[in-house]
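Taking it in order: structure first as structure tokens, then the write-up.
Throughout, read-outs are computed from the coordinates displayed, never taken from laboratory work. Fair warning: this is a prediction, and the values are worked out from it, not measured in the lab. Every residue, glycine as well, gets a Cβ built from its backbone with ideal geometry; the counts of neighbours run over all protein chains shown.
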Amino acid sequence: MGDEATLEAARAVLADVFGYEDFRLGQGAAVAAVVSGRDAVVLLSTGSGKSLCYQVPALVASRRGAGTTLVVSPLIALMQDQVAALAGRGVKAAALHSHQEADAQRAAVAAFLRGELDLLYVSPERAAKPSFQRMLLQLPIALLAIDEAHCVSEWGHDFRPDYLTLRELRELTDAPMVALTATATPRVLEEIQTHLALRDPAVVRAGLERPNLSFAVHAIRTQAVRLERLEHELDAAGLRPHRGAGRAIVYCSTRKTTDAVAKALRVARFAAGHYHAGRTKLARERAQQAFESGRTRVLVATNAFGMGIDVPDIRLIVHFQTPGSVEAYFQEAGRAGRDGNPARCVLFFGAADLATQRRLAQASASTPSLERRREDALAAMERYATGAACREQRLVAHFDAKSETPACGRCDVCCGEASAPTRAVTRAEASPPEALPAEARERIVAAVDRLSRPVGKGNLARALRGSRAKSLARGGLLTLPEYGTFAEFSEAGIVAAIESLIQERRLRRTGSKYPMVWIPGKPLRGPKAEAATGTRNARKQRSSRFGGPIARELDNYRRRTARELKWKAYMVLQHKTILAIDREEPATPEALARIPGLGPAKLERFGDDILDVVRRNRGGAR
């Protein structure tokens, strides 16, 4: 079968089984390489759909009788979720792991030996066993997929020695190998290729930018102030009520801090759970289930939580303590906003956090080389936290130094909200800013007076200089007559002039948490108007993000069905699929089949129920 025909077969699988018309950015290139028989290294951000990069080729291979795909995955929970989700789509998949009963293990092995499986998931420890490797020789293997491949590198933030044995699989089969990760620097990518013995692999990088995420860093020393700031962030995200849309994860470096933060949040009347490896297996499972079902909206956790979690509506991720590497931070922060809606990622930073990471490192095995790598990782983390450049630019550049990512316009640096201790002092900032002439100062006052609401100093300065950052559109800054007329002045000079005008009481500060600039004596928008506008905006937001009666009933339906089947809710219907059904209101099975994310197996199993829901609620108020 030629490459074009094989790629068409892959698209057919994507549509028939997974219900999508085309691949996302990066997925197509990865699938094209693998189905053509090439090895591949795939670097896609968290939530970008890495699993399809091997699941689709696996089904293409299975349909043409090429054998079973072997997937090596580091977490049992991740394997179980993948197998359950595939089973819901009618795919024959199984897992072998140590938490299974003996009968379940024998059934999985028997299904594999009969050639019935499309995919078999195993742990790296299982893959290294001689008895398992002998079993692999009995049947053809179509593809080797190594998930979380950064675990093979000591440079990686989650090194696992068993991954170093996976190159032995290359001696058992000529099948192509695909290595997948969300976090790998250029050096780690090289080590992945070397340690896994990849042969001239295609290297696919895509989707590192996350346009719906806004990043921020706050330099805070004491835990008490951090707790105060954390409560503010949770309140701003609308997470204090025990019921509602959206959830948050708060990451801590130690179990002791995790316990303390969760307790403080519960005292402050947040529905908060906590998760770390020091709790019993039952307690961890209950904490995870409560979070995924929405009974708790905030989960405080160590890095033991998160890998393989598919919770779409995480609106906020706060790192209460700075993690040990940019890779760890990017992977954990990337769990926010997987539904594509706006989400916020906040890092609390202080020198004590770096000391905590060094202390934690001392508890594990080390060599002089590994210690240097850890120090380099901490130095990179500190540069990110204290840098004056766009946060997203720095994150993307960490993994792809050749990238030319534009400033995001959303982070605290781009919006002029970075706290002073986190901003590195550049040469331009070190020298006194130029003084603006009186005429320019008058234009600043006039610009503020034209606005309908207060504005931050940094945003005002950038608008006056002609910035096109998206954040400036919200306050009407892009439509000011003064927009772009200050290009000859530096941003620091404009900010200094604003400060001077505040000192002269020609402008005033307003707001406590986020000081803004306003005209003295000019009234702010009245509370009734604010409330009315807020209500209208909230209705619009709910309509666009959470749908109408169809979406609400389908969400209840998928929860009930998931409980009956002992699945997770997203395995029945994904949130974006529900929104598409709500928007399109399909009246026939044919129309329903055109909804992205529904394949034949789900249509056969749930289609009639979905159409009943649509019929009962069609044209309902939104």
Alpha-carbon centroids, region 572-607 and region 324-339: separation in whole Å: 30 Å
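Can you run the Rg to Rh ratio on region 229-276? Use alpha carbon positions and the Kirkwood inverse-distance Rh. Show your work: numbers first, answer last.
Details: Rg = 10.5 Å, Rh = 11.1 Å.
Across region 229-276, the Cα-based Rg/Rh ratio is 0.94.
Could you please tell me the mean projected area of the C-alpha convex hull for region 292-373, averaged over all directions and given in square nanometres to one decimal? Could you put the intermediate results ahead of the total?
Details: hull surface 25.8 nm².
The number I arrive at for region 292-373 is 6.5 nm².
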Distribution of pairwise C-alpha distances over region 1-83, 5 Å bins, in %: 3, 14, 26, 27, 20, 9, 2, 0
Prolate/oblate/rounded call for region 223-344, Cα gyration tensor, a/c under 1.5 rounded: rounded
Residue order, fewest to most beta carbons within 10 Å, for 162, 147: 162, 147
Debye, to nearest 20: dipole size of region 544-617, +1 on Lys, Arg Cβ, -1 on Asp, Glu Cβ: 420 debye
Dipole magnitude of region 213-422 about its Cα centre (Cβ charges: Lys, Arg +1; Asp, Glu -1), debye to nearest 20: 780 debye
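Write down the Å³ per residue value for the convex hull defined by the alpha carbon atoms of region 544-617.
Details: hull volume 5.7 nm³, N = 74.
It comes to 77 Å³ per residue, whole-number rounded.
Give me the percent of DSSP beta bridges within the chain that run antiparallel, rounded to the nearest 5.
For the chain, the DSSP antiparallel bridge percentage is about 10.
If you take the square roots of the eigenvalues of the alpha-carbon gyration tensor of region 3-206 and sort them as a ≥ b ≥ c, do you get rounded (a/c under 1.5), prolate (a/b over b/c) or oblate?
Working: a/c = 1.42, a/b = 1.04, b/c = 1.37.
Since a/c stays below 1.5, the shape of region 3-206 is classed as rounded.
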At most 16 other Cβ within 10 Å, DSSP loop - GluC sites (Glu not before Pro), region 72-168: 101, 116, 154
Cβ-based charge dipole, region 3-206, positive-most Cα from 41, 109, 73: 109
MRE, 222 nm, helices only [DSSP H, n ≥ 4, -39500 (n - 2.57), over the chain, to nearest 500]: -14000 deg cm²/dmol
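Take the residue pairs 92/566; 50/256; 281/566; 92/568; 568/602 and return only those whose Cα atoms are more than 22 Å apart. List each step's numbers first, then the result.
On the way: 92/566 18 Å; 50/256 34 Å; 281/566 18 Å; 92/568 18 Å; 568/602 14 Å.
In this structure, 50/256 exceed 22 Å between Cα atoms.
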Order of 577, 185, 405, 479 under a 10 Å beta carbon neighbour criterion, fewest first: 479, 405, 577, 185
The chain: radius of gyration over Cα atoms, expressed as a fraction of 2.2 N^0.38 Å: 1.04
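What does the extension gain come out to for residue 113 and residue 355, with contour length at 0.36 nm per residue minus their alpha carbon separation? Before the final figure, lay out each step's value.
On the way: separation 242, 0.36 × 242 = 87.12 nm, distance 5.14 nm.
Full-extension gain reported as 82.0 nm.
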Packing-based exposure ordering (other Cβ within 10 Å, fewest first) of 228, 482: 228, 482
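For region 213-422, what ratio Rg/Rh do Cα atoms give with a Kirkwood hydrodynamic radius? Please report the intermediate quantities before stating the final value.
Values: Rg = 16.6 Å, Rh = 17.5 Å.
Here Rg/Rh amounts to 0.95.
Tell me which DSSP H helices of the chain clear both cut-offs, 15 Å or more of axial length from alpha-carbon atoms and a mean Kyte-Doolittle hydropathy of at least -0.5.
Numbers: long enough: 3-18 (21 Å, 0.54); 52-63 (16 Å, 0.87); 76-88 (18 Å, 1.12); 102-113 (16 Å, 0.84); 223-236 (19 Å, -0.75); 255-267 (18 Å, -0.32); 281-293 (18 Å, -1.21); 351-362 (17 Å, -0.45); 368-386 (27 Å, -1.04); 438-450 (18 Å, -0.30); 491-503 (18 Å, 1.17); 527-546 (26 Å, -1.56); 549-565 (24 Å, -1.44); 600-617 (24 Å, -0.66).
Those that pass (Cα extent of 15 Å or more, hydropathy at least -0.5) are 3-18, 52-63, 76-88, 102-113, 255-267, 351-362, 438-450, 491-503.
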